[in-house]
Amino acid sequence: MSGYKFDNKVVQWVDDRLPLFSVLKHSTTDYPTPRNLNYWWNFGSLALMVLVIMILTGIFLVMNYTPHTSMAFNSVERIMRDVNYGWLIRYLHANGASMFFIVVYIHIFRGLYYGSYKAPREMLWWLGLVIYLLMMATAFMGYVLPWGQMSFWGATVITNLFSAFPVVGDYIVTLLWGGFSVDNPTLNRFFSLHYLLPFLIFAVVFLHLVALHTVKSSNPLGIEMKGPQDAIPFHPYYTIKDLFGVGLFLIFFLSFVFFAPNFFGDPDNYIPANPLVTPAHIKPEWYYLPFYAILRSFTFDLPFLPAKLQGVLAMFSAIIILFFLPWIDSSKVRSAKFRPIFKQVFWIFVANALVLGYVGGQPPEGNLPMIGQISTAVYFLFFPFLFLLGKIEKPRALPQSISAAVLKDAAHSTEKA
Amino acid sequence: MRKFLLSTLAAGLLAAATPALANEGPEIEKQAWSWQGVFGQYDKAQLRRGWQVFHDICSNCHSMKLVAYRNLSYLGFSDDEVKDFAAEKQVTDGPNDQGDMFQRPARPSDHFVPPFPNDQAARVANNGALPPDLSLMAKARNGGPDYVYAILTGFEDTPPAGHVVPDGMYYNKAFGGGNIGMPPPISDDAVTYADGTKATKEQIAKDVVSFLNWTAEPELDQRKSLGIKVIGFLIVLTAMFYALKRKIWADLH
Amino acid sequence: MAETSTTPQATPPEGETRRDFLLYATTAVGVAGTAMAVWPFIHSMNPAADTLAMSTTEVDISSIAEGQAVTVTWRGKPVFIRHRTAAEIEAAKATAVSELRDPETDDIRVKKPEWLIVVGICTHLGCVPLGQKPADPKGEFGGWFCPCHGSQYDTSGRIRKGPAPKNLAVPNYTFLTDTSIRIG
């Protein structure tokens, strides 16, 4: 690996002792990437960029934040009003969290559509799910820190969920709280962990990239690269394409930061936390809403399995089941491009996720609980259906190779022109 | 691609429908505010009028603890005017060398002195109701400034038939449930504006709501003007990235 | 058809310079953008608005008797206010400026000769010198003595002996009345 010879003597000296430049060269200018990646492949690099932005803005916020119940809310307002550019750093961080989930959800759904979770990329998929779980924990704890009404009551509802577990439930909740309700000990430990977890995420992202480099990127056709004619070096082709994606993303992101900074938020969080007054509608941030809907869908107590516990188990299962996707999906064909039935089912799954999200954000009144229950059923039925589908679906003919497909497309477009 | 667009459209429709459905209260009429839109900025003369309304009327019951007197210089007041506003109120300080707490006039660096020393005193003076702090009110309610305006102008002498208003409360058509603890605070000519503007109820409400939006979002002017520069810059940079991308990929096609 | 190239070939010279220009221009704009993005983070570490606002302290000096000294806090730092005796004023004025490491006459260090107001931080390495209380050592020159490394200041707060390079700093202050001052 460190066998590269560099022209620059200084670079060579460093590289002989720490193969920084060799590794860089190996993973960029010499790294074979499929030549046919489309823009859905930009979202991985965007996610990494958002992680870095979140860590940077978070570090600067902590310079002025006080993690004590009597001062937390006011310290955030001091950041907004008195700290130079404090409002900017705060809004970057709050909106960055929403952006992180938008980017990661698109990244995940890309993986679902193109079968990127299939062999040999199972490890890559798992590491991604671990990152997702860590993100959810981090975002949950981060939202508590401003100590607004939603911070407090969201923390109360979610930590109370663990009491659903039989025998040990209440002990777990007391352990999480560090007391008899969400209070200062809870806030302090959430602060500590919220600072820690992003660095764990960073480490898992590193592993995620190592796993990626081991098996190389998949591509929209879902067929492996067969030789150099299918590949192009990551640098400069995908570095510049990623940079272009970064530009577009920043325009999207910063439009919210500068012109609609509270679009994703809840007005109730601008009210200081009051343990004696519950807001009319407690709801989590938008990126949790589908899971919130699943949680609330279970209302019928069963012997030995109260509805609350059913909801908690279903909510966790909704993510855990994704770990088994590489084996649940029995199709030999990866990409939805060649799986006409799977393609339809995928879009139904997406629409269903949006319905779940909507239901999760509304008070459970009228038809909504029933719609939520149907959508929950559809969510879980997706998986056994996938298992069957792989066995009975007749896929379209796969192209011979990536370059063959690319050449064919080029020929078609010149014909049309 | 088509399926993706359809899904996004569905999502967008749902998202747009959500806020309307989340409001169980009456529909809030949208007002025109000087600071709305990409190029919106505060009208400082209006903010000064709004401060006068808050100062003369609202501050008798409502605190505004996150704003400091020195912040008023943004509205165009001179240092001496700011000092005078501050010095109207007394602040507890100390202990002095004798070990006693003492009163002193507020300074510009102090935050607005609340009308009551604590929440319990505020409740006692207001029939058990706690007048909320107004620093963030324009951001702390669904509908924001439109909602606050609707409340201020939503009082009605006669409630609809069959609607019961308990003792000590007042009917307000914009407030959830219709019964609010605050008596109607403004009416025509409730203040006499220093700049001579005609003080109709609507004008007063507009001015004080603008002031409240400033107290909730004092950074707005700088945020929007910086935003225009940043987005403009990014459009240029992204265009350059795109041109460079096409150049680099040209030899592949 | 195996002529499809997989590595970027050298483009004709004219195309190359154009692409290079675009590359350099884009890099320059990108770097400029990054620098502009870094500034708010650095500036957020500068004193915040509320810190800047706490920059004055008012002191009632009516209860400080002649020969007595008082320490107050200003911007988080100690400030020595000494009500000087006639002897102390005389000693300060009589010193030849040429003897001083940091030459300053007493006149320019006070507004009213009986009131000496200096920042109580030794100009060597930042310790708080002794000399405010009657029982404190004041050094050979009747002012202050810094226990950390032995700097000695006179009755005008000027460095006379020891490692400190400069006189005790005189902050901006005004007499609001004869018996009260505002520092800063």
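The values are calculated or read from the model by the stated rules, or taken from the named source; none is laboratory data. Being a predicted model, the structure only gives us computed values, none of them experimental. Ideal geometry is used to build each Cβ from the backbone, glycine not excepted, and the neighbour counts take in all protein chains shown. Side chains included, ligands, DNA and RNA excluded: accessible areas come from the protein's heavy atoms. Shrake-Rupley method; radii C 1.70, N 1.55, O 1.52, S 1.80 Å.
Rank C:Leu52, C:Leu168, C:Leu22 by mean-square fluctuation in a GNM of chain C with C-alpha springs under 10 angstrom and give only the top-ranked residue.
Answer for the Gaussian network model of chain C: C:Leu22.
For region A:30-416, what relative contact order do you get, as a whole percent, if you take Cα pairs closer than 8 Å and at least 6 residues apart?
24 percent
Give me P(r) over chain A, computed from all C-alpha to C-alpha distances, binned every 20 Å, as integer percentages.
P(r) over chain A, rounded to whole percents: 22, 52, 24, 2.
Could you report the accessible area of A:Val52 in Å², rounded to 10, computed with a 1.4 Å probe on the protein chains as they sit in the structure?
A:Val52 exposes around 60 Å² with every protein chain in place.
Could I have the simple spin-label model distance between A:Lys5 and A:Glu224, label points 7 Å from Cα toward Cβ, reported in nm to one decimal?
In this crude spin-label approximation the distance works out to 3.4 nm.
Using only Cα atoms, what Kirkwood radius does the protein assembly as shown have, in angstroms?
32.6 Å
Membrane-span-like helices in chain A: DSSP H runs reaching 27 Å or more (Cα, own axis), mean Kyte hydropathy at least 1.0? Provide the component values of the computation, followed by the final result.
Numbers: long enough: A:43-62 (28 Å, 2.70); A:86-114 (41 Å, 0.85); A:122-144 (34 Å, 1.59); A:184-215 (46 Å, 1.30); A:234-259 (35 Å, 1.46); A:340-361 (32 Å, 1.34); A:368-392 (35 Å, 1.61).
Within chain A the helices that satisfy the rule are A:43-62, A:122-144, A:184-215, A:234-259, A:340-361, A:368-392.
Given chain B, report the % of alpha carbon pairs whose separation exceeds 22 Å.
67 percent
What is the distance, in nm, between label points placed 7 Å from the Cα along the Cα-to-Cβ direction at C:Val29 and at A:Phe180?
6.3 nm
Give a residue-ordered list of calculated ³J(HN,Hα) values for region B:220-236 (Karplus: 6.51 cos²θ - 1.76 cosθ + 1.60, θ = phi - 60°; whole Hz; x for Gly, Pro).
Couplings: 4, 4, 5, 4, 6, 5, 5, x, 4, 5, 5, 5, x, 4, 5, 4, 4 Hz.
What 222 nm value per residue comes from the helices of chain B, counting each DSSP H run with n ≥ 4 as -39,500 (n - 2.57) and dividing by all residues, nearest 500 deg cm²/dmol? Provide the component values of the computation, followed by the final result.
On the way: 7 runs with 106 residues, N = 253.
Mean residue ellipticity at 222 nm (helix-derived): -13500 deg cm²/dmol.
Using modelled backbone amide H atoms (1.01 Å from N, in-plane), which distant-in-sequence or interchain residues come within less than 5 Å of B:Lys65's amide H?
B:Leu134, B:Ser135
For region C:60-158, compute Rh as the Kirkwood radius over C-alpha pairs and then the Stokes-Einstein diffusion coefficient at 37 °C and 0.692 mPa s; write the answer in µm²/s, rounded to an integer.
240 µm²/s
Go ahead and run the numbers for FRET between B:His55 and A:Phe263, Cβ-Cβ distance against an R0 of 30 Å, rounding to 0.05.
My answer for the efficiency is 0.40.
Could you rank B:Arg141, B:Arg49 by how accessible they are, 1.4 Å probe, largest area first?
Numbers: B:Arg141 70, B:Arg49 30 Å².
Output order, biggest surface exposure first: B:Arg141, B:Arg49.
Under a point spin-label approximation (7 Å from Cα along Cα-to-Cβ), what is the B:Glu81-A:Asp409 distance to one decimal in nm?
Those two pseudo-labels are separated by 6.4 nm.
Which Cα, out of A:Val246, A:Thr299, A:Leu389, lies furthest along the positive dipole direction of chain A (beta carbon charges, K/R +1, D/E -1)?
Result: A:Leu389, furthest along the dipole toward the positive end.
Largest first, what is the accessible-area ranking of B:Arg104, C:Arg160, C:Arg109 with a 1.4 Å probe?
Most to least solvent-accessible, the answer reads C:Arg160, B:Arg104, C:Arg109.
Can you give the extra length, in nm with one decimal, that the chain gains between C:Asp50 and C:Ala86 once fully stretched, where that is 0.36 nm per residue apart less the Cα-Cα distance?
8.9 nm
Contour minus end-to-end for B:Ala32 and B:Leu130, with contour as 0.36 nm per residue of separation and end-to-end as the Cα-Cα distance? Provide the component values of the computation, followed by the final result.
Working: separation 98, 0.36 × 98 = 35.28 nm, distance 3.00 nm.
So the extension gain works out to 32.3 nm.
How large is the charge dipole for region B:104-253, taken about the Cα centre, if only the Cβ atoms of Lys, Arg (+1) and Asp, Glu (-1) carry charge, to the nearest 20 debye?
Dipole magnitude for region B:104-253 comes out near 860 debye.
Using +1 on the beta carbon of Lys and Arg, -1 on that of Asp and Glu, and nothing else charged, what's the dipole of region B:95-156 about the Cα centre, debye to 20?
The dipole of region B:95-156 has a size of about 120 debye.
What list of ³J(HN,Hα) values in whole Hz, one per residue of region A:217-228 in order, does the Karplus curve 6.51 cos²θ - 1.76 cosθ + 1.60 (θ = phi - 60°) give from phi, with Gly and Pro shown as x?
Along region A:217-228, the couplings run 5, 7, 7, x, 8, x, 10, 5, 5, 9, x, x Hz.
For A:His26 and A:Leu381 in one chain, what is 0.36 nm times their gap in residues minus the Cα-Cα distance, to one decimal in nm?
Details: separation 355, 0.36 × 355 = 127.80 nm, distance 4.32 nm.
Length difference between fully extended and current span is 123.5 nm.
Mind checking the alpha-carbon convex hull of region B:72-143 and giving the volume per residue in Å³?
136 Å³
Pick from A:Ser70, A:Ser403, A:Ser22 the residue whose mean-square fluctuation is largest in a GNM of chain A, springs joining Cα atoms under 10 Å.
The residue that fluctuates most here is A:Ser22.
Kindly compute the accessible surface that chains A and B hide from a 1.4 Å probe when together, both sides summed, and give it to the nearest 100 Å².
Interface between A and B: roughly 4000 Å².
Based on the Cβ-Cβ distance of C:Thr179 and A:His68, what FRET efficiency does E = 1/(1 + (r/R0)^6) give at R0 = 41 Å, to the nearest 0.05?
Once rounded, the FRET efficiency stands at 0.50.
Relative to the Cα centre, what is the charge dipole magnitude of region B:32-112, using +1 at the beta carbon of each Lys and Arg, -1 at the beta carbon of each Asp and Glu, and rounding to the nearest 20 debye?
I would put it at about 320 debye.
For region C:40-116 and region A:26-56, what is the separation of their C-alpha centers, rounded to whole Å?
Using only Cα atoms to place each centre, the spacing works out to 59 Å.
Over region A:336-417, what portion of Cα pair distances is larger than 16 Å, expressed as a whole percent?
66 percent
Rounded, prolate or oblate: which one fits region A:101-191, using the alpha carbon gyration tensor with axes a ≥ b ≥ c (rounded when a/c is under 1.5, else prolate when a/b beats b/c, else oblate)?
Prolate.
Taking springs between alpha-carbon atoms closer than 10 angstrom, which of A:Arg90, A:Arg78, A:Arg121 fluctuates most in the Gaussian network model of chain A?
Looking only at A:Arg90, A:Arg78, A:Arg121, the largest GNM fluctuation is found for A:Arg78.
Mind ranking B:Asp79, B:Asp97, C:Asp60 by accessible surface for me, highest first, 1.4 Å probe? Write out the running numbers ahead of the final one.
Numbers: B:Asp79 115, B:Asp97 150, C:Asp60 95 Å².
My answer, sorted largest first, is B:Asp97, B:Asp79, C:Asp60.
Heavy atoms only, probe 1.4 Å: what % of the accessible area of region A:30-416 goes to carbon and sulfur, would you let me know?
73 percent
Please list, ordered by chain and number, the residues whose modelled amide H lies under 5 Å from the amide H of C:Leu130; skip anything fewer than 5 residues away on the same chain.
Amide H neighbours of C:Leu130, under 5 Å, 5+ apart: C:Phe145, C:Cys146.
If I take R0 = 51 Å and measure r between the Cβ atoms of A:Met136 and B:Lys89 in this structure, what FRET efficiency does the formula 1/(1 + (r/R0)^6) give, to the nearest 0.05?
0.65
Could you tell me the accessible area of A:His26 in Å² (1.4 Å probe, neighbours in place), rounded to the nearest ten?
Here the accessible area works out near 80 Å².
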